[in-house]
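The values are calculated or read from the model by the stated rules, or taken from the named source; none is laboratory data. It should be emphasised that the depicted structure is a prediction, and the values quoted were computed from it without experimental measurement. Virtual Cβ from ideal backbone geometry, glycine too; neighbours counted across all protein chains shown.
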Amino acid sequence: MSKKDEPFLLKYLKHEGKEIRKFLTSRDLLIFIFFLLVSTGLWALQALRKEYETIITIPITYEKAPQGLVQQAELPQRLLVTVTDDGTSLVRHRWMHTYSPIAIDISAYTDGTYSLSTAEFESQIQKQLNVTTKILRIVPSSIDLEFKELTKKEVPVVFNGAVRMAQQYIQQGEMELKPSHITVFGIKSVLDSVDHIETEYTELTEISGTLSQYIKLSGMPKVSLSQDSILCTQHSERYTEKVLEVPVRTKKANKGFKVRTFPVQVKVKFHVGLSNYDKVTADKLTVFANPEDAVGSRIPLRISGAEELINSVEIIPSAVDYLIEKND
């Protein structure tokens with residue numbers, strides 16, 4: 001297609017494109033940008049001379065809590081202060097200033113409810129502002145304080161977690177908690193429902209020998225603890241396998257009858273620590289068959305005794321045949 005035959009719209013767009021490219025590469029663009037920036041700056045300066053409102057945040061700290069009392073209401077941690085000033089002062093102050101917290105001394109309060117007006121802090125806040133800055137309002141307008149007298153009681157500590165021995169080791173005795181009891185503080189209505197304190201959930205694994213570890217206590221709302229952690233000690237030792245022949249005992253049958261089991265004694269296989277090997281004898285264990293537990297012609301066996309010394313207990317066989325015979 002020749003230039004002569006080009007549509008008018010295409011010719012117009014090509015022409016305008018050349019004009020735009022010419023303008024973008026000329027000094028006219030730089031002059032335009034310069035005056036645009038100048039006018040924008042002048043407009044901004046003019047706008048900043050006007051008065052504006054803004055909100056600033058002032059932190060609060062509470063010092064010297066009254067001894068023997070507990071604060072019940074949730075206390076605000078900051079004040080939202082609405083102020084007014086010209087835009088220049090507000091912008092400069094916002095970007096160049098940090099605000100010191102308002103310290104509230106609560107040591108003189110006693111059991112009861114109080115309302116503290118935040119207007120009392122206006123002069124302290126004003127000292128941190130420009131002379132020309134005016135405080136319009138403070139939120140919240142008051143701080144509610146509610147103190148209750150503390151009571152205390154002693155409660156046991158309970159380990160919350162899992163304990164696993166290393167391979168070829170057996171747990172030796174119960175875990176030792178020191179102290180086993182702690183003192184808790186709070187208002188009476190809260191402490192009435194507290195009967196123990198748990199540790200934070202903890203997994204103690206691969207224990208070989210003796211493990212001693214401080215574990216944090218799990219806190220409770222509105223309850224203070226005399227200490228935040230306790231020492232947990234778990235002993236373990238290498239174990240060996242032991243097998244004993246133990247007689248089967250039965251529950252007495254109705255008058256004039258007796259229960260006979262087959263066999264009359266069974267093997268009990270278990271793991272026992274080396275130091276307790278000789279302490280676990282057949283007379284320390286009881287294998288019991290209760291006809292009321294019978295499934296068909298067999299009674300499953302139960303065992304008791306020496307639970308703190310042995311584990312991985314297996315009864316061979318685990319169930320016995322039985323007969324109920326009439327006494328001669």
Say we look at the stretch 309-321 and pick out the residues that are assigned to a strand (DSSP E or B) and among the polar types (S, T, N, Q); which of these is surrounded by the fewest Cβ atoms within 10 Å (Cβ to Cβ)? S312
Among (1) surrounded by fewer than 16 Cβ atoms within 10 Å (Cβ to Cβ); (2) closer than 30 Å to S236 by Cα; (3) among the polar types (S, T, N, Q), there is one condition T84 misses while meeting the rest; what is its number? (2)
Quick check: anything in the stretch 189-196 surrounded by 16 or more Cβ atoms within 10 Å (Cβ to Cβ) and at pLDDT below 95? yes
Residues satisfying the stated conditions in the stretch 129-173, i.e. of a type in the set (S, T, N, Q), free of Cβ contacts under 8 Å to residues at least 60 places away in the same chain, over 29 Å from D111 (Cβ atoms) and touching a helix residue (DSSP H, G or I) at 6+ places or on another chain (Cβ under 9 Å): N130, T132, T133
So in the stretch 125-169, with the set limited to residues that are in contact with a Lys or Arg (Cβ under 8 Å, 6 or more places away or on another chain) and farther than 27 Å from I187 by Cβ, which one is surrounded by the fewest Cβ atoms within 10 Å (Cβ to Cβ)? Q168
Filter the stretch 111-170 down to residues that are among the small types (G, A, S) and in the same structural domain as D86 (by TED's automatic domain parsing) and give me whichever is farthest from V83 (Cα to Cα). G112
Looking at (1) modelled with pLDDT of 70 or more; (2) out of contact with any Gly (no Cβ under 7 Å at 6 or more places or on another chain), find the lone condition where W43 falls short. (1)
State whether the residues of the stretch 288-308 include one that is assigned to a helix (DSSP H, G or I), within 27 Å of R238 (Cβ to Cβ) and of a type in the set (A, V, I, L, M, F, W, C). no
